[in-house]
Amino acid sequence: MDISVIIPLYNEQESLPSLYEWLVRVMQTNGYSYELVFVDDGSTDSSWDVITRLQHQAPETVHAIRFRRNYGKSAALHCGFQAANGDVVITMDADLQDSPDEIPELYRMITQEGYDLVSGWKKKRYDNTLTKNLPSKLFNATARRVTGIQLHDMNCGLKAYRKEVVKNIEVFSEMHRYIPYLAKNAGFTKIGEKVVQHRKREYGVSKFGLNRFVNGYLDLMTLWFLNRFGKQPMHFFGLVGSLMFMIGMIAVIVVAAMKLHALANGIHAMLLGTNPYFHIAILMMVLGCMLFLAGFLGELIIRNSQTRNDYLIREQL
Ligand code: UDP
Ligand code: MG
């Protein structure tokens, strides 16, 4: 099979029929063998009825999954990825903001130019400027710095993947924003970008508010940390902890020496117990110990992790 299109959706009943027709038109004109995987993320409108109807119409090509409740876009993508059979996997939003007409070029970039992943770039965006476009620019600039992947629109819903990529990464929580980073960390480094058409949302409402940016930043930090120290937490906690402990210990020695010096020479000096530097120094030693211990605990947890020896083997002769 050439292409699997994965469509996560949550309350998009009005858009689905036109999206389906448009997709089928594109697939048939280009002669692809394909499947459409609709993942209904616990919709409360009649999206599922629409999908059921489509599935009856074309049982060969429409595959439908329905969650019992709303789990989020990442969960929907994850299940879609697991179900996908096509050599090239395309993800797109269900709200008609992404255009199916982009699929042939995305397909070509994966199959002929050898990309592992091609991300859409909504160069001209039809969303609210203040709440989406501007914060998104800032978000993408940060993401580029942290991940080292030069994409303008990391969180674009329209993306194409080589099948091997989606079968070897695990999207969960709200990590759908960073799939290119997940792919890069898994060793799929040929990541490209294609300017795509973007359209105004005609039906329904956007499902993500401004908190996407707060959550997005925190998730980015998590991924960065996991990628850097996830397999060896001691390298982070041990280093920071040891440094803090040493600085604290040196400070205690200095403070105590000054006190002894004062005592020996009969100079008036304050009690160690009332000296703020003494307390700060002791605090640093204690915190240093705790960080060090956190590193040890991290190492113990990793020893038990199921995935500690999971490596992706590219080739074997
Ligand atoms: N979506 C989903 N589960 C959710 C929220 C959103 O499956 O909990 C789907 C939604 O139906 C749409 C896509 O994810 O197909 C992108 O959502 P939306 O258009 O609201 O995001 P925006 O375009 O505003 O960034
Ligand atoms: Mg949208």
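The values are calculated or read from the model by the stated rules, or taken from the named source; none is laboratory data. What you see is a predicted model; the values in this text were computed from it and never measured. Cβ placement follows ideal geometry from the backbone for every residue including glycine, while neighbour counts extend to all protein chains displayed. All accessible areas refer to the heavy atoms of the entire protein, side chains included, with ligands and DNA or RNA removed. Shrake-Rupley method; radii C 1.70, N 1.55, O 1.52, S 1.80 Å.
Counting heavy atoms of the protein chains only and a 1.4 Å probe, report the per residue accessible area for the stretch 1-106 as a whole number of Å².
Averaged over the residues of the stretch 1-106, the accessible area is 40 Å².
Suppose accessible area is computed on protein heavy atoms with a 1.4 Å probe; arrange Ser305, Ser119 from highest to lowest. Display every interim value, and only then the final one.
Values: Ser305 35, Ser119 0 Å².
Correct descending sequence by accessible area is Ser305, Ser119.
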Residue by residue through the stretch 42-51, which ³J(HN,Hα) values in whole Hz follow from phi under the Karplus form 6.51 cos²θ - 1.76 cosθ + 1.60 (θ = phi - 60°), with glycine and proline marked x?
-> x, 4, 9, 9, 9, 3, 5, 4, 4, 5
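Suppose R0 equals 25 Å; then what is the FRET efficiency for Leu297 and Met221 from their Cβ-Cβ distance, rounded to the nearest 0.05?
After rounding to 0.05, the efficiency reads 0.80.
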The FRET efficiency for His268 and His235, from their Cβ-Cβ distance with R0 = 41 Å and rounded to 0.05, is 0.30
Sorting Gly114, Met258, Ser46 by the position of each Cα along the dipole of the chain (Lys, Arg +1; Asp, Glu -1; all at Cβ), the one nearest the positive end of that ordering is Met258
Quick one: check the C-alpha center-to-center distance for the stretch 178-215 versus the stretch 48-96, whole angstrom.
-> 18 Å
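Can you tell me how much longer the chain between Asp101 and Met258 gets when fully stretched, taken as 0.36 nm per residue apart minus their C-alpha distance, in nm with one decimal?
Contour length minus Cα-Cα distance gives 48.9 nm.
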When you count, for each residue, the other Cβ atoms within 10 Å and take the mean per peptide, how do 5-14, 76-85 rank with the highest first?
-> 5-14, 76-85
Toward the positive end of the charge dipole of the stretch 144-238, about the Cα centre and with charges on Cβ (Lys, Arg +1; Asp, Glu -1), which of Tyr161, Ser206, Ser173 goes farthest?
-> Tyr161
Dipole of the chain, positive direction: furthest Cα of Ser74, Asn215, Gly248, with charges on the beta-carbon = Gly248
Highest first, please rank the peptides 283-291, 64-72 by the mean number of other Cβ atoms sitting within 10 Å of their residues.
-> 283-291, 64-72
List, in order, the whole-Hz ³J(HN,Hα) value for each residue of the stretch 81-89 obtained from phi through the Karplus relation with A = 6.51, B = -1.76, C = 1.60 and θ = phi - 60°; use x for Gly and Pro.
-> 4, 5, 7, 5, 10, x, 5, 10, 10
Packing-based ranking, highest mean first, of 93-103, 253-263, 235-245 given that Cβ atoms within 10 Å are counted | 93-103, 235-245, 253-263
About the Cα centre of the chain, what is the dipole size in debye to 20, counting +1 per Lys and Arg Cβ and -1 per Asp and Glu Cβ, all else neutral?
-> 1100 debye
Calculated FRET value between Met246 and Leu312, using beta carbons and R₀ = 35 Å, to 0.05 = 0.35
Tally up the carbon and sulfur contribution to the accessible surface of the chain as a whole percent, 1.4 Å probe, everything protein left in place.
-> 59 percent
For the stretch 221-317, with every protein chain kept in place, what is the accessible area per residue (1.4 Å probe, Å²)?
-> 78 Å²
Karplus-derived 3J(HN,Hα), 6.51/-1.76/1.60, for each residue of the stretch 303-313, Hz, glycine and proline x = 3, 8, 6, 5, 9, 5, 10, 8, 10, 8, 8
Using DSSP, restrict attention to beta bridges with both residues in the chain and report what percent are antiparallel, rounded to the nearest 5.
-> 30 percent
Size of electric dipole in the stretch 1-148: Cβ of Lys, Arg +1 and of Asp, Glu -1, about Cα centre, debye, nearest 20 | 740 debye
